[in-house]
1. Being modelled with pLDDT of 95 or more and in a helix (DSSP H, G or I), is that true of even one residue in the range 195-206?
2. Taking only the range 99-119 into account, find how many residues are crowded, with 18+ Cβ neighbours inside 10 Å and more than 21 Å from the chain's Cα centre (by Cα).
3. Can you give me the number of residues within the range 272-287 that are in a loop (DSSP other than H, G, I, E, B) and either among the small types (G, A, S) or under 14 Å from the mean Cα position of the chain (by Cα) (or both)?
4. If you go through the range 268-277 one residue at a time, do you hit one that is under 18 Å from L375 (Cα atoms), surrounded by 21 or more Cβ atoms within 10 Å (Cβ to Cβ) and within 12 Å of the ligand (Cβ to nearest atom)?
5. Please verify whether the range 68-76 includes one or more residues that are closer than 21 Å to P146 by Cα and among the hydrophobic types (A, V, I, L, M, F, W, C).
6. What are the residues in the range 25-41 that are more than 14 Å from the chain's Cα centre (by Cα) and within 8 Å of the ligand (Cβ to nearest atom), if any?
7. Right, D353: within 16 Å of the ligand (Cβ to nearest atom), surrounded by 16 or more Cβ atoms within 10 Å (Cβ to Cβ) and acidic (D, E) or not?
Amino acid sequence: MSSPTSFSAPPPAGIACDIFCAVIDNFGDIGVCWRLARQLAGEYGWQVRVFVDDLHAFQKLCPSLVAEEARQSVEGIVVEHWHAPSHAGDTLEIADVVIEAFGCELPAVYVTAMAGRERAPVWLNLEYLSAEDWVADFHLRPSQHPRHALRKTFFFPGLGPGTGGVLKERGLDAARIAFESSGAARAAWWQQATGAPPPAPDTTVISLFAYENPAADSLLEQWRDSANEIVLLVPEGRISGALARFFGLPSFVAGTHAKRGGLTAHALAFTDQRGYDALLWASDINFVRGEDSFVRAQWAARPFIWHIYPQTDDAHLPKLDAALAHYAGPLPRASRDALARFWHAWNGVGTPDWPEFQRHRAAFEARAADWAHELAGVGDLAGNLAEFAKSQLK
Ligand code: TRH
């Protein structure tokens, strides 16, 4: 392959931004990058390119993407298949703002060209979300490149003041309220997702997006024995095996429906990224995981349980507690402890106690609404990032 050539592109209409994303596993890496890209392009008018090394993972949450295309435009965003660590597009174009997501390494040829640019780009390393206190101290810390006249700034998402915040589209609350207040929209959603009308109003609807989880068996039994009807909505994925075992089925693929005792479960097809929000809004309680769905559950403003991405040596547990401190801190003591116990049990420490969760549900509901309001005060990550980048480009 011939090496890319550098050329002076005509000045773009908006700020040009390149986002580099290496998919480690699952959907969170590309999920966060794609959401950020859509916001920067759609809300800020930036000219965005996304370099991503796994188009198949990307296609799951963006079905209009063609997994075999080396370069394509989706929703006005250029998507480049980042097919080798040294690759940075067939023609080397250096953007005004360069975002390396989650510590992925930029191609050396790209970094060299960044240094050769008349005006050095704003180079940001977008970190993983953590609710820990130290994040505010490290947010926006610069780091000088050892060889080039380039500075990289660490951009830390977070749940508290002084951090980069988390992603929230401008129209998100209005879209949620429109869905919640339209019986027709909800009926259409249930029909399309489950092939059935919405359940009776006194049913508890739960969405379940999780990794494999040993606590699932006990929880499914408790739901089966629950006095109130429970409808479980399960996007096809890593937890599906537990559902198949529980119902004695060979699999729990999209389109499967099953019932035992008070528990009815529907396996759902994995939707595009926008469609996932409607699942959260259609549910009373959401089980979420990783990073992006964890954030979406907070904006859905209803109780949620987080299956945090597990790390070696239980390094994830302090992060779980840091999130609980923000989210559950103002709850009355007994409710706070009950929520902490339930979250811990869902993350490998203890056994989940559904009746106890139910006893505190009204407090959890009130807190979820308050928390969504408080979190919005930290500001939207895309807006915070755009503001910082613009201040550096002046
Ligand atoms: O897929 P995840 O487990 O991703 C994780 C985390 O990001 C973690 O921090 C990271 O280290 C690891 O990947 C590599 O969970 P997450 O972050 O919630 O991402 C899921 C994405 O999938 C999110 O953008 C929502 C989207 N989604 C859909 O688009 N449709 C669906 O039907 C569902 C269930 C999810």
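The values are calculated or read from the model by the stated rules, or taken from the named source; none is laboratory data. All of these numbers come straight from a predicted model, not from anything done at the bench. Every residue, glycine as well, gets a Cβ built from its backbone with ideal geometry; the counts of neighbours run over all protein chains shown.
1. Among the residues of the range 195-206, not one is modelled with pLDDT of 95 or more and in a helix (DSSP H, G or I), which makes the answer no.
2. The total comes to 5.
3. 2
4. The answer is no, given that none of the residues of the range 268-277 is under 18 Å from L375 (Cα atoms), surrounded by 21 or more Cβ atoms within 10 Å (Cβ to Cβ) and within 12 Å of the ligand (Cβ to nearest atom).
5. no
6. Of everything in the range 25-41, nothing turns out to be more than 14 Å from the chain's Cα centre (by Cα) and within 8 Å of the ligand (Cβ to nearest atom).
7. Judged against the criteria, D353 is not a match.
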